[in-house]
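Accompanying notes for the structure given below.
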Amino acid sequence: MLTSEAVVLRTWPLREADLVVSFFTRDYGKMKGVAKAALKSRKRFGGALEPMTLARAWFVEKPKQELVRLDQLEIVRSPLSMPVDAVRLMVLSLYAEVLEQALPEHDPQETVFRLVASVLEQTTVEQPWMPLTYFELWMTRLMGLLPDLAHCIACGEALVAGETSFNAYADGLFCRVHRPGNASELSGDSWQLALKMLRAPVGAFAGEDWPRRRGQDLRRFALQALERHLERKMRAGEMLARF
């Protein structure tokens, strides 16, 4: 029997009351397991199968079997323990979707796990956009998709606030001279914000005023990079763009 902290990513029915559960563990990486009678057993699973639930998982891994046997989940922090609205729900869904698509199976990613745990704590109805910005930016970096944001990727010259841009087909940022014709502006505030976020924990930004428009171009920049390398659009990202 193995045990680890885990985050539930998604579930889907297998047969009768059984569920297949995709979950991301701190010690063993992303895994898929069968939770037998999950729809009937409140004692073993309770409400722990909601996406983005942080839990302690107990499971059994057998040789030559793709799916582990998931025996129990004990809630550490439930996303339903705080108020939920449509925006917060979609932000949580985007976390789960990116992790589901980006993480390889059975590959421990301690830094990613710590990132997820920290942004979950900060994702509230009152402040969903700050932790989302932090998550997208840091996932881009941890996947190796984020060049030095202080310098132009075309010429290597130092960038200047208010004169930076990006496009959907290249990683990194461009200076004013090498701006592609189809580029989008990255505001000076968002550029400086990105540099700060890459040097500080998410909690350092918790007390700041963060309306939806703040960092909106930075989120678009990071999400475009993730989608380009994952070769798929994030459905939750498309939903969030409507708010």
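The values are calculated or read from the model by the stated rules, or taken from the named source; none is laboratory data. The structure displayed is predicted, hence computed values, not measured ones. Neighbour counts run over all protein chains shown; Cβ positions are idealised from the backbone, glycine included.
Looking at residue 92, is it of a type outside the set (Val, Ile, Thr), under 23 Å from the mean Cα position of the chain (by Cα) and part of a strand (DSSP E or B)? Full working, then the answer.
Values: of a type outside the set (Val, Ile, Thr): yes; under 23 Å from the mean Cα position of the chain (by Cα): yes; part of a strand (DSSP E or B): no.
Spelling it out, it is not the case that residue 92 is of a type outside the set (Val, Ile, Thr), under 23 Å from the mean Cα position of the chain (by Cα) and part of a strand (DSSP E or B).
Tell me, yes or no, whether segment 103-126 has at least one residue that is at pLDDT below 95, surrounded by 19 or more Cβ atoms within 10 Å (Cβ to Cβ) and among the aliphatic types (A, V, I, L, M). The answer is no; no qualifying residue exists.
For segment 84-98, state whether one or more residues are surrounded by 18 or more Cβ atoms within 10 Å (Cβ to Cβ), touching a helix residue (DSSP H, G or I) at 6+ places or on another chain (Cβ under 9 Å) and within 11 Å of residue 24 (Cα to Cα). The answer is yes; a qualifying residue exists.
One residue is enough: does segment 199-208 have a residue meeting the conditions in a loop (DSSP other than H, G, I, E, B), surrounded by 13 or more Cβ atoms within 10 Å (Cβ to Cβ) and on the phi < 0 side of the Ramachandran plot? Yes, some residue in segment 199-208 is in a loop (DSSP other than H, G, I, E, B), surrounded by 13 or more Cβ atoms within 10 Å (Cβ to Cβ) and on the phi < 0 side of the Ramachandran plot. In summary, residue 219 fulfils each of the numbered conditions (1) part of a helix (DSSP H, G or I); (2) more than 20 Å from residue 145 (Cβ to Cβ) with the single exception of condition (2). Would you check if residue 145 is modelled with pLDDT under 95, within 18 Å of the chain's Cα centre (by Cα) and among the aliphatic types (A, V, I, L, M)? Here the answer is yes, as residue 145 does meet what is asked.
I'm trying to understand the selection: among the residues of segment 150-169, which are of a type in the set (A, V, I, L, M, F, W, C), closer than 16 Å to residue 218 by Cβ and not in a loop (DSSP other than H, G, I, E, B)?
166
Go through the residues of segment 189-198 one by one and say whether even a single one is assigned to a loop (DSSP other than H, G, I, E, B) and loosely packed, with under 14 Cβ neighbours inside 10 Å. The answer is no, given that none of the residues of segment 189-198 is assigned to a loop (DSSP other than H, G, I, E, B) and loosely packed, with under 14 Cβ neighbours inside 10 Å.
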